[in-house]
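The values are calculated or read from the model by the stated rules, or taken from the named source; none is laboratory data. On a predicted model such as this, the values are computed, not experimentally measured, just so you know. Using ideal geometry, Cβ is built from the backbone for each residue, glycine included, and neighbour counts are taken over all protein chains shown. Side chains are part of the model used for accessible areas, which takes the heavy atoms of the whole protein and leaves out ligands, DNA and RNA. Shrake-Rupley method; radii C 1.70, N 1.55, O 1.52, S 1.80 Å.
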Amino acid sequence: MSLKPDDVRNIAQLARLHIDEAVIDEYAADLSSILELVEQMNRVDTSDVAPLSNPLDATQRLRDDSVSESDERDKFQAIAPDVADGLYRVPKVIE
Amino acid sequence: MSEWESVIGLEIHAQLATTSKIFSGASTAFGAEPNTQACAVDLGLPGVLPVLNRGVVEMAIRFGVAIDADIDHRSIFARKNYFYPDLPKGYQISQYEHPIVGRGHVSITLDDGATMEIGVTRAHLEEDAGKSVHDRFAEQSGIDLNRAGTPLLEIVSEPDMRSAKQAVAYARKIHSLVRYLEICDGNMQEGSFRCDANVSIRRRGESELGTRTELKNINSFRFLERAINHEIERQIDLLEDGGAVVQETRLYDADRDETRSMRSKEEANDYRYFPDPDLLPVAITDDDIERVRASLPELPEQKKTRFVDTLGLSADNAEVLTANRDTALYFEAALEAQPELAAPIANWVLGDLAGALNKAGIEIGDSPISPARLAGLVARIADDTISGKIAKEVFEAIWQGEGDADAIIEARGLKQITDSGAIEALIDAVIADNPEQVEQFRAGKEKVLGFFVGQVMKQSQGKANPGQVNALLRDKLKA
C-alpha cells in the first residue's frame, strides 16, 4: 500500500501537525515503506493465533470505588497558561 | 398509512453512579466548583496511568445480566482519538472491540398494551469528557474538567424501532432499568442520562436502510419524541422533493423546536481506534457474573408479575406502578403499612396522588403525603370510618400537612355516620319535607331515589354511609 500526498495531508490534519508542502512527498514515501513492512508481516499465516491486545500476559488490576484524590486545583492551575474563575481558558470554541 | 417507514436506533449514555471516576480516585459528585474534582489523571498530565474502578465493571455487568446479554469474559479498552479542548488527553478511553456487554434485549409495552422486543447491540464503558463554557468570556471558552473521567455506559440499540413513540418507550424502559439497578440516577437535566437518536426512512416494504442522521442534544423524553418526529418529516419532505438525506449529526434546539445541522466536520469521524496500551484486558469470570446475578434487585418485569399474581392487581395498574422505581417503592411502602389493601392503595397512588403530584410538579419521591399516611387514609375508607367522598377532603388536608388521617377525621368531625338510628332520623325528616317526591317514587318513578339519597347526604354533611342511606331509604319509601 502506498500513501498519496493527500493521505499525508489528511493524517497531518487529524494529528494537528503542520507539514511543509515541500516535504509531503518525502513523508508519503517514508510512511509507505512503514506500511509495506506491516504488509509484509500481514502475509504471515496467523489464523490460529489469538489477536494480541497487550504484550503483557496479565489482566487489569481493579481499584475499589472510593475517592482518594483531594482538590489540588490551585497547583494545577498555577502551571496552566490561562485560567479565570476556576476555569481553564482556551481560544473560543464554537459549537 | 404513510408510504414511508421510519427506522430508529438509540444510543444512550448513562453516567454510572460511582463515587469516584472510572480511571482515577477523583470524586464524581455533581455541582462542585469548576475543576476542583479534576485530578492529574483527569487532566491528562504526562506520566499518569489510568486504574480501572471495580464498581464500574460491576455496574456494567449488572446491566448486562438484567438485559440477558452476553458478557465478554475478556474485555478491552481502546483509545478514540479526536481533538477538543474538553478532552485534554487528545483521546477518550472507550471500548471498540470486545465491549463488556454484548447482545441483549429488552421488551417494551406499547400504548395498545402490546409488547415488542428491542435488541441491544452492545453496551460499552467509556469516560465522559469535560464541559465547555462558551458564554462566560468574550473571546475565550472556559473548560471545566470535573466531569472528565466520569464513567459512562453507552447502550446501543438495534435499529428496531419504527416510530418516535416506540423510541420513547424504549428509552423509558432503559431509564427505568438503570434506576432499578441503581447504576445511574437517571437525571436528564443534569446530563446523567442522555439520548442520541439515529433516524432514517425508507419506503414501506423495502429492506435496505436509508441514509441516517444522528440527533443529539436531547435532554427529555418529550423532546426525544418531538425531535424524532421533526426529523422524520424533514427527511420525507427532502425525499419527496427529489432530494437526498445527507449523513450528518443534527442538534435538537428545544427553544425553536427544530433540528439543525452541526457544522460538518468530515475528518472528525476518523477516530483511529486502537487498544489502549495503558490498560490491560479486563478478565470477567463466570463467578463474577453469577455473584452479580445473585445480587440483582427485583426488576420491573418481575415486580409487575408479582403484583398481578400475588397482590391481585390489574395488569394495567401493575404496569404503571412498576414503570418508575420510585412509584413502585412508594406503593410497596404503603402496602407494608396496610398489607390487605393492595388494590385500593394502588388506585389511590395512581389516581388522586399521581394527579396531585402532577399538578404540583412534584416527584413521587418528594410527595408531601408519606406512604404510611396514604395507607392510613385508605384504611379508614376500608373500615367505613369515612366515605370515599370525605376521603378526598382528608387527602387534601394530609397534603396540606394537617396530620394523618385519624387526626384530621377527629379534628374536623368527619367520622361517617353508621348509626342507623341517626340515619333514619335524617331520612324521616327528608321524607316529611318532600311529600311530592314520595308520591312520585311510590307511583313507580325509581329515579327519584337519587334525589332522596342526595338530600340525606346533604343533611348529614356527607358523613352518612351512602350504602346504608340507600338501603334504609328504600325500606322507608316503600312502607
Work out the length of the dipole vector of chain B about its Cα centre, built from +1 on the beta-carbon of each Lys and Arg and -1 on the beta-carbon of each Asp and Glu, and round it to the nearest 20 debye. 560
How would B:478, B:392, B:21, B:447 line up by accessible area, probe 1.4 Å, largest first? B:447, B:478, B:392, B:21
Accessible area in square angstrom per residue, chain A, 1.4 angstrom probe: 78
How large is the dipole of segment B:298-412 about the Cα centre if only Lys and Arg carry +1 and Asp and Glu carry -1, each at its Cβ, rounded to the nearest 20 debye? 200
Loop GluC sites (Glu not before Pro), segment B:384-455, which have at most 14 other Cβ atoms in a 10 Å radius of their Cβ (DSSP): B:402, B:446
Using square roots of five times the C-alpha gyration tensor eigenvalues, list the equivalent-ellipsoid semi-axes of segment B:395-476 in whole Å, biggest first. 31, 12, 10
So which trypsin sites (Lys or Arg not before Pro) in segment B:269-376 pass both tests, a DSSP loop state and at most 14 other Cβ atoms within 10 Å of the Cβ? B:272
Starting from the amide H of residue B:16, placed 1.01 Å from N in the peptide plane, find each other amide H under 5 Å away whose residue is 5 or more places distant or on another chain. B:152, B:153
Heads up, I need the accessible area for residue B:475: 1.4 angstrom probe, whole protein in place, Å², nearest 10. 100
Could you give the size of the charge dipole of chain A about its Cα centre, using +1 on the Cβ of each K and R and -1 on the Cβ of each D and E, expressed in debye and rounded to the nearest 20? 200
Using only Cα atoms, locate the centre of segment B:198-232 and the centre of segment B:280-356, then give the distance between them in Å, rounded to an integer. 32
Cβ under 13 Å from residue B:304's Cβ, residue B:304 left aside: what net charge do those residues give with Lys, Arg +1 and Asp, Glu -1? -2
What does DSSP give for segment B:4-288 in terms of the percent of beta bridges that are antiparallel, rounded to the nearest 5? 95
Heavy-atom accessible area of segment B:4-288 with neighbours in place, 1.4 angstrom probe: carbon+sulfur share in percent works out to 46
For the protein assembly as shown, give me the percentage of DSSP beta bridges that are antiparallel, rounded to the nearest 5 percent. 90
To check my understanding: the extent here is largest minus smallest coordinate of the Cα atoms along each principal axis. What are those three numbers for chain A, in Å, largest first? 54, 44, 25
Which distance in Å, rounded to a whole number, links the C-alpha centroids of segment B:126-164 and segment A:68-83? 22
Counting each DSSP H run of 4 or more residues in chain B as -39500 (n - 2.57), what helix-only mean residue ellipticity at 222 nm follows after dividing by all residues, to the nearest 500 deg cm²/dmol? -12000 deg cm²/dmol
Set of lysines with alpha-carbon distance to residue B:463 below 26 Å, sequence-local pairs under 8 removed: B:389, B:392, B:415, B:447, B:476, B:478
Solvent-accessible area buried by A and B, counting both chains, probe 1.4 angstrom, square angstrom: 4000
Based on Cα coordinates alone, diagonalise the gyration tensor for the protein assembly as shown, multiply each eigenvalue by 5, take square roots, and list the semi-axes in whole Å, largest first. 62, 27, 24
Taking all protein chains in place and a 1.4 Å probe, what share, in percent, of the accessible surface of segment B:420-478 do carbon and sulfur account for? 50
Dividing the alpha-carbon radius of gyration of segment B:298-412 by 2.2 N^0.38 Å, where N counts its residues, gives 1.03
In Å, the Kirkwood estimate of hydrodynamic radius for segment B:4-288 over Cα pairs equals 19.9
For chain B the translational diffusion coefficient, Stokes-Einstein from a Kirkwood Rh over Cα pairs at 20 °C and viscosity 1.002 mPa s, in µm²/s, is roughly 80
Report, in whole Å, the centroid distance computed from the Cα atoms of segment B:367-405 and segment B:1-43. 42
Per residue solvent-accessible surface (Å²) - chain B, probe of 1.4 Å: 47
Within the accessible area of segment A:29-95, what % is carbon and sulfur when the probe is 1.4 Å and the other protein chains stay in place? 54
For segment B:378-479, with +1 on Lys and Arg beta carbons and -1 on Asp and Glu, the positive-most of B:470, B:414, B:438 along the dipole: B:438
With all protein chains modelled, accessible area of residue B:463 [1.4 Å, Å²]: 40
Mind grabbing the accessible area of residue B:184 for me, 1.4 Å probe, Å², rounded to tens? 10
Do any residues of segment B:102-143 show a loss of at least 40 square angstrom of accessible area between the isolated chain and the full protein assembly, using a 1.4 Å probe, and if so which? B:134, B:136, B:137, B:140, B:141, B:143
